[in-house]
Each structure stands twice: as structure tokens, then as C-alpha cells.
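Peer 1: Before anything else, here's the structure in question.
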Amino acid sequence: MTTTESGHVTEADRIEPILDLQGVTRRFGDVVAVNAVDLTVRRGELFSLLGGSGCGKSTLLRMIAGFEPPDSGQIRIDGRDMTTVPPYERPVNMVFQSYALFPHMTVAQNVAYGLRQEGMARSERDDRVHDVLKLVDLPDLARRKPNQLSGGQRQRVALARGLAKQPRILLLDEPLGALDRKLRERTQFELVNLQDRIGITFILVTHDQEEAMTMSDRIGVMRDGQIHQIGAPREVYEYPNSRFVADFIGTANLLTGEVIAATEGMVQVRLAATGTSIFVASPAPVSAGATVTVMVRPEKLQTVSGPAAVSGDANLLSGVVQDIAYLGDMSVYHVEIADGLRIQVAMANRLHTGEEPITWDDTIHLTWHPGDGVVLTS
Amino acid sequence: MAPRRRGGADIVRPFRILAGPSGRRLVTAIPFIWLAVFFLAPFAIVFGISLSQTRFGIPPYEPLIRGSEILARLDNYSFLLSDALYINALLNSLQIAATSAIICLLIGYPIALGIARAPQQWRAPLLLAVILPFWTSFLIRVYAWIGLLKNDGLINNLLEIVGLIDAPLQLLQTSFAVHLGIVYSYLPFMVLPLYAALERQDTSLLEAASDLGARPWRAFVTITLPLSMPGVIAGFLLVFIPAVGEFVIPELLGDSATAMIGKVLWTEFFNNRDWPLASALAVSILVLIVAPLAWLEHMRHRRANALS
């Protein structure tokens, strides 16, 4: 749980969100980069803003840092209105995508820069720099210049510099974007562990959904300047609230159809493409006659020997295997269930050797539990 | 490789050498040859003359060797040291050049910073405005200042009309006019390298400084200014070095009290026709200005090498 500077968790910490955005809007000419965003981030949380390029996530982060003034709306940080406060007076620090390390200063001077602006005494400053560099596992490089460091080391220095002032919120703009894949994956876990240890709220901007899923307590999925859904990684993946989120996070099979019956928690949908009916357990109220989209994740589908193997209310779709993507750990089968409509089925490759259980042009039958589908109305 | 002859091969052949390793040497040799022919050789001639004695005739100096007798002497150099005129003129030149270069820096830095931070589409026209004066002859531009500064010139007339002064101010033929002329003439040489250094700077560094609590002025002093030092040094030298030897500006705008070394040199060559003494003066100026700069450059390299 979060600790304040004095080391106590106060009652106010639990109630007051560390960040509270109300109707924050930012326009660039005719383009609305951020459109009336409401967002609260809890103390000690690792929150990700996830979205494609141009979705407004970086602009939103820059408004929290104070680099961009919002055209309207309010930004409250730690209970104080910060909407018009300049960046140098905000209790937040940022890790830049380019790291923005000062090239003419050593690692130690870079990390100490923010502390010098505060006027912290020399000895205290030196101790803090030492501690922070130890925290990011770089204690021996204090006297190096940024151009004498590897990409991963630079990333850590940028992190250390952002943490040195012990900000209320650390903002991270695509912090792992410049690292190669292996290093990125390792650093993801290191960042999460670090954040867990020091308890500072992290707000992370990323376009990489795996990164967001791996690291975040909660994710805000953004498009066109708006946050479409906010939730824990599992929530956003299993229960997306729109076709966009379903498709953006992971792979989704999206089947359109008409609701022919909606009873307590169970919806029956006749698919437009195949004319067959499927069942979805859905808490969302939908009425008969409505056109909806049913989403099923590829890994939720299972093969069965034939229609006879399926009991009453289980779902069944049949089709011909058109493409197979062998990924090593699993294979993804592209199955055509109607003219031009393909769905993806993911299956783990459990057997070390042996023949392919399913191959091209096979007709296969697929089933899934009604509870594994999601009804989407938007 | 077997020699093969085809049509046209003979024409290409002289250029083929440029592609090989010896060609690379040839290409890099061109600037050295240029320097040797147009700098080193003339300098050797001037240095030779500086060791000889003056005489009436053409050329107006004695040969260095006559028969088996060596006539080369260092007399001219000892004479330079014996007469305070030369040392004073040199010190005066150094002082005027340094002051002018500093004033250029103080004026040029905000200009360069303003252009570097201007919207992208404004930068090219603004830079053009900086170098626009070069399209007029340097001499005419300095002459124009006479019209502005003289006793019944534009500035004095304006001040009298406004009623700020009763009698004309002595502006022309002052040290002020010389400084003004140098700053005016050399300002673009300060602005251009400063602009190049400032324009390159990553603006996210300033955002980082601001994010870490630095107010705009602190961010300028701790980030922008130190990172622009190569531009500051280059601009300073580009103004300072030619200003030390400046002849036209003190001649037209200054008086005898602002005798700069370039004017003394001119007088020795053309009025006194004392080529050997003038040559000794030229060599001394070069050594006195270039030697410290070469040493500075050497130290800078050593520091840079020690870092990596």
C-alpha cells in the first residue's frame, strides 16, 4: 500500500485519488487531441494509457505533467487543482520517451538535477542520488556521461532521475519503446517490482498491449482522444465494452447477429453469416430484435468430433481450415465458417512430436461455453 | 587483374584512381595542397621578408643571402619590441576586438535563440534577414555609418530636432564608432554558429529541466547555455580573429587614438614602404593570435579524448 513521505498510510490516502481529471480537453487547431476525458487514478496504482498512435495518450500525459495547457477541464493532483500550475511546480516527474538525459552532465548530476532545483543540501543530495542509483541497479556508473551508457542503462538513469524527487506521480512515456525485445520484457517486471517496493503511483503511456497487460493494475484504452474503457487487464480482455476494445486488445472473433431471445442472463443470437443460433451468457440487458456483435476469443474455442458431441445449449460452428500459423507454443487456425467469414482458433501444441492433428482443408467443429462469449452493442 | 581495353576506357582511366585507396589520399590531399599553395607558401615568403633589411628599390628589401654571406636578421622583431607604438596598437586591437566580440555575443545570442525557437516556417526568412547585409558591399555599409554618425549626420540632427542635445555629439572618429562598426559588420558571423548550435538542441531537454523543477531562467543557464558553448566559442572566434586585424573600420570610423594593428601594418607597408618591418609585424600578429587558440584547441581535444 502507498506510504506518504512520513511513512504513514493515512485515511485520506485511501479516499482521495492521487489524480483526478474532469472533462479535460485539448485541441490542436481543428483536431481534438483529447476530448473531455474524466479519469481518476488511485494512490500507488500502476495505470496504463493504451492506444494507437494519435489517440491522444501522450497529449494527456503531457497535460498531467504541465507541458500542454488543457483548453478546458480540471486537473487535480493529490487533491490540489493543478490545471494552470507550471510543470516546475507540479509534484510529478516524467520519464521521457527519448529519456532526455542532459548530455553535458554525468549520471549523478542528471539524477541530482531536480534535487538541486529544490535547494537540497549537498550531503543529503549525494545520499539520495546514491540511493536512487542503487534502486535502479546502477551504483557504479555515477561518473559516466550519458553517451557512455547503453540504451538499457540510459533508461535506468532516466528512471532514477524521475524518482529522485520522490514525486507523487511518475509519468512514463513509452519508457521501454527504445529497448530490444528481451531487455524490454525483463525491464517490464523490474519496473513493476520497483513500483511495488517504493509505492509511487506510475502512469504509463504505451501502444504495446502486451506491455500494458503485463505491468498494469488498470488500463485505460484510448481512441480518438477518449478513454473507451478502464479496467484491470483481465477485465478489459475478457469483458471488453465495445468492438473497438475487443479488437484492439488481443485477437477477437466478432460475429454479428440478431437477438432472437433474451432471458435471464442468457441471450440467443442468430448469426447473420451462418443462420445458426448461438447462446451467450450476458448480464447486459439486450432486447429481442436488436443487432449485436458476439465476441469469442480464439483460445476459448475447442474442437469436437461432430455435432452429436455437443449437448443442448452449447454452441457449435463448423468450417474449413484455410490457414495455419504455427507459433511454436501454439498454433492459430483460420477457419472459414461462412463465405468470407473466418474465425481464429488458438490451440496449444501439447505434443512434442506426432502428426498435425488438424491440417489444411479439414472440416472442423468448434464449440465454446455460453459464458465465454461477450455481447457487444457498440 | 588482367588489363582490358575497351572503347572509352582511356578517358575514364585518369579518374579511376579516385576510387582506390590512393584516390582517397588524393581527395584528402586537395585541401592540404590548397593550404600549402595559398597559405603556407605566402606565409613563408612573408616570414622570409621579415628577416631581411629594408632598402630603396624594387623589391624594397635586401636578399637573405648574398654570395656566401647570410643577411637574415631578427632586427625587425627587436625593433617591434623597442617601440611602444606596436605593442600599444596590438593591445588596443585585442581590446577592441574582444569587447566587440562580447557585445556581438550579447546581441547575437538572443537573436539566434529567437530564430531557433521561431516556428519552423519563419526560420529561413529570419536567417535570410541576418545575412541580407552581405548583399551590399562591406565598404559601402561602413561608409554609410559616416553619414549616420557625423556631426551634421542623421543621428545628431534627429537628436537636435527632438531637443535632447544643443550641440552635435562627437560620434564619428571615436572608439565608440569603431566598436559600433565592428559589431555591426560582424554580427552575422556570431548569429550563424549560435543558431546552428541552438537549433540542434533537443527541446525535450528543456521540458525535462522544467519537469524537474527548474524555472525558465534556471533551465536556460543550466541546459541551453552550456550546450550552446561550441556555438559561443565558434562565434566569438569568427568575430574576434578578423576584428583584431581589421583595417577598414578603424580607418573610416576611428581616429589616431584607436590605432589598430591592421592600420599600423598598412602604414608600414604602403606609407613607409618598410616591407621587412611590416612582415615582421604580420608574422607576430599571426603567432600571437594563433598560438593561444591552437593551444586551447589542443587542450579541448585532450579533454574530449580523456572522456571517452
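Peer 1: Restricting attention to the range B:219-232, and to residues there that are crowded, with 17+ Cβ neighbours inside 10 Å and free of Cβ contacts under 8 Å to residues at least 24 places away in the same chain, which single residue is farthest from A:Gln97 (Cα to Cα)?
Peer 2: B:Thr222
Peer 1: For the range B:127-208, which fully contained helices (runs of 4 or more DSSP H) count at least 2 residues that are in contact (Cβ under 8 Å) with a residue 24 or more places away in the chain?
Peer 2: Here the list reads B:138-149, B:175-199.
Peer 1: Do you know which residues across the range A:330-349 are over 28 Å from A:Val267 (Cβ atoms) and not in a strand (DSSP E or B)?
Peer 2: A:Asn349
Peer 1: Just to be sure before I move on: is A:Val85 at pLDDT 95 or above and part of a loop (DSSP other than H, G, I, E, B) in the structure I sent?
Peer 2: Yes; evaluated as a whole, the condition is true for this residue.
Peer 1: With the requirement that a residue be modelled with pLDDT under 90 and in a strand (DSSP E or B), what does the range A:319-329 give you?
Peer 2: A:Tyr326, the sole residue that qualifies.
Peer 1: Within the range B:284-306, is there a residue that is more than 16 Å from the chain's Cα centre (by Cα) and in contact (Cβ under 8 Å) with a residue 60 or more places away in the chain?
Peer 2: Checked the range B:284-306: at least one residue is more than 16 Å from the chain's Cα centre (by Cα) and in contact (Cβ under 8 Å) with a residue 60 or more places away in the chain.
Peer 1: Which numbered condition trips up B:Leu253, out of (1) more than 11 Å from chain A (Cβ to nearest Cβ); (2) surrounded by fewer than 23 Cβ atoms within 10 Å (Cβ to Cβ); (3) over 28 Å from B:Pro125 (Cα atoms)?
Peer 2: Of everything listed in (1) more than 11 Å from chain A (Cβ to nearest Cβ); (2) surrounded by fewer than 23 Cβ atoms within 10 Å (Cβ to Cβ); (3) over 28 Å from B:Pro125 (Cα atoms), B:Leu253 misses just condition (2).
Peer 1: With the requirement that a residue be within 12 Å of chain A (Cβ to nearest Cβ), of a type in the set (Gly, Ala, Ser) and under 31 Å from the mean Cα position of the chain (by Cα), what does the range B:188-241 give you?
Peer 2: Filtering the range B:188-241 for residues within 12 Å of chain A (Cβ to nearest Cβ) gives B:200-219, B:221-230.
Those left that are additionally of a type in the set (Gly, Ala, Ser): B:204, B:208-210, B:213-214, B:219, B:228.
Result: B:Ser228, single match.
Peer 1: Looking at (1) within 14 Å of chain B (Cβ to nearest Cβ); (2) free of Cβ contacts under 8 Å to residues at least 40 places away in the same chain; (3) outside any loop (DSSP other than H, G, I, E, B), can you tell me which one A:Gly162 breaks?
Peer 2: If we test A:Gly162 against (1) within 14 Å of chain B (Cβ to nearest Cβ); (2) free of Cβ contacts under 8 Å to residues at least 40 places away in the same chain; (3) outside any loop (DSSP other than H, G, I, E, B), just (2) comes out false.
Peer 1: So, one more: Scan the range B:22-53 for residues that are in contact (Cβ under 8 Å) with a residue 40 or more places away in the chain and either touching a helix residue (DSSP H, G or I) at 6+ places or on another chain (Cβ under 7 Å) or farther than 25 Å from B:Ala278 by Cβ (or both) and jot them down.
Peer 2: B:Val46, B:Phe47, B:Ile49, B:Ser50, B:Ser52, B:Gln53 - these are the residues of the range B:22-53 that are in contact (Cβ under 8 Å) with a residue 40 or more places away in the chain and either touching a helix residue (DSSP H, G or I) at 6+ places or on another chain (Cβ under 7 Å) or farther than 25 Å from B:Ala278 by Cβ (or both).
Peer 1: Run down B:Val191, B:Val183, B:Val248, B:Val244 and say which single residue is among the hydrophobic types (A, V, I, L, M, F, W, C), closer than 24 Å to B:Leu149 by Cα, at pLDDT 95 or above and touching a helix residue (DSSP H, G or I) at 6+ places or on another chain (Cβ under 7 Å). Full working, then the answer.
Peer 2: Working: B:Val191 fails: closer than 24 Å to B:Leu149 by Cα; B:Val248 fails: at pLDDT 95 or above; B:Val244 fails: at pLDDT 95 or above.
Sole residue among the options that is among the hydrophobic types (A, V, I, L, M, F, W, C), closer than 24 Å to B:Leu149 by Cα, at pLDDT 95 or above and touching a helix residue (DSSP H, G or I) at 6+ places or on another chain (Cβ under 7 Å): B:Val183.
Peer 1: Being closer than 30 Å to A:Ile18 by Cα, more than 9 Å from chain B (Cβ to nearest Cβ) and in a helix (DSSP H, G or I): is that true of A:Gln117 here?
Peer 2: Here the answer is no, as A:Gln117 does not meet what is asked.
Peer 1: Any residue at all in the range B:108-115 that's β-branched (Val, Ile, Thr) and free of Cβ contacts under 8 Å to residues at least 40 places away in the same chain? Reasoning before the result, please.
Peer 2: Within the range B:108-115, the first condition is being β-branched (Val, Ile, Thr), and the residues that meet it are B:111, B:115.
Then keep just the ones that are free of Cβ contacts under 8 Å to residues at least 40 places away in the same chain; that gives none.
Checked against the condition, which is being β-branched (Val, Ile, Thr) and free of Cβ contacts under 8 Å to residues at least 40 places away in the same chain, the range B:108-115 yields no hits at all.
Peer 1: Which residue, of B:Pro125, B:Pro110, B:Pro133, B:Pro119, is in the same structural domain as B:Trp217 (by TED's automatic domain parsing), touching a Pro at 6+ places or on another chain (Cβ under 9 Å) and not aliphatic (A, V, I, L, M)?
Peer 2: B:Pro133
Peer 1: Residues of the range A:83-113 being more than 9 Å from chain B (Cβ to nearest Cβ), surrounded by 24 or more Cβ atoms within 10 Å (Cβ to Cβ) and within 30 Å of A:Thr40 (Cβ to Cβ), which ones?
Peer 2: Of everything in the range A:83-113, just one residue is more than 9 Å from chain B (Cβ to nearest Cβ), surrounded by 24 or more Cβ atoms within 10 Å (Cβ to Cβ) and within 30 Å of A:Thr40 (Cβ to Cβ), namely A:Val95.
Peer 1: For the structure I just gave you, tell me whether B:Leu132 is at pLDDT 95 or above, surrounded by fewer than 12 Cβ atoms within 10 Å (Cβ to Cβ) and over 17 Å from the mean Cα position of the chain (by Cα).
Peer 2: On the way: at pLDDT 95 or above: no; surrounded by fewer than 12 Cβ atoms within 10 Å (Cβ to Cβ): yes; over 17 Å from the mean Cα position of the chain (by Cα): yes.
Here the answer is no, as B:Leu132 does not meet what is asked.
For (1) in contact with a Pro (Cβ under 8 Å, 6 or more places away or on another chain); (2) modelled with pLDDT of 95 or more; (3) basic (Lys, Arg); (4) in a helix (DSSP H, G or I), each residue gets a yes or a no:
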{"site": "A:Gly54", "(1), (2), (3), (4)": "no, no, no, no"}
{"site": "A:Arg62", "(1), (2), (3), (4)": "no, yes, yes, yes"}
{"site": "A:Asn93", "(1), (2), (3), (4)": "yes, yes, no, no"}
{"site": "A:Ser98", "(1), (2), (3), (4)": "no, no, no, no"}
{"site": "A:Asn110", "(1), (2), (3), (4)": "yes, yes, no, yes"}
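Peer 1: Of the residues in the range A:63-82, how many are within 14 Å of chain B (Cβ to nearest Cβ) and in contact (Cβ under 8 Å) with a residue 60 or more places away in the chain?
Peer 2: Residues flagged as within 14 Å of chain B (Cβ to nearest Cβ) and in contact (Cβ under 8 Å) with a residue 60 or more places away in the chain within the range A:63-82 amount to 3.
Peer 1: Additional query: So B:Thr258 ticks every box in (1) within 17 Å of B:Ala101 (Cβ to Cβ); (2) surrounded by fewer than 16 Cβ atoms within 10 Å (Cβ to Cβ) but one. Which box is left unticked?
Peer 2: Of everything listed in (1) within 17 Å of B:Ala101 (Cβ to Cβ); (2) surrounded by fewer than 16 Cβ atoms within 10 Å (Cβ to Cβ), B:Thr258 misses just condition (2).
Peer 1: Continuing with the same structure: Determine which member of the set A:Arg270, A:Arg223, A:Arg218 is charged (D, E, K, R) and free of Cβ contacts under 8 Å to residues at least 60 places away in the same chain.
Peer 2: Only one candidate qualifies: A:Arg270.
The values are calculated or read from the model by the stated rules, or taken from the named source; none is laboratory data. These numbers come from a predicted model, not from an experiment. A quick note on method: Cβ atoms are made from the backbone with ideal geometry, for glycine too, and the neighbour counts reach across all protein chains shown.
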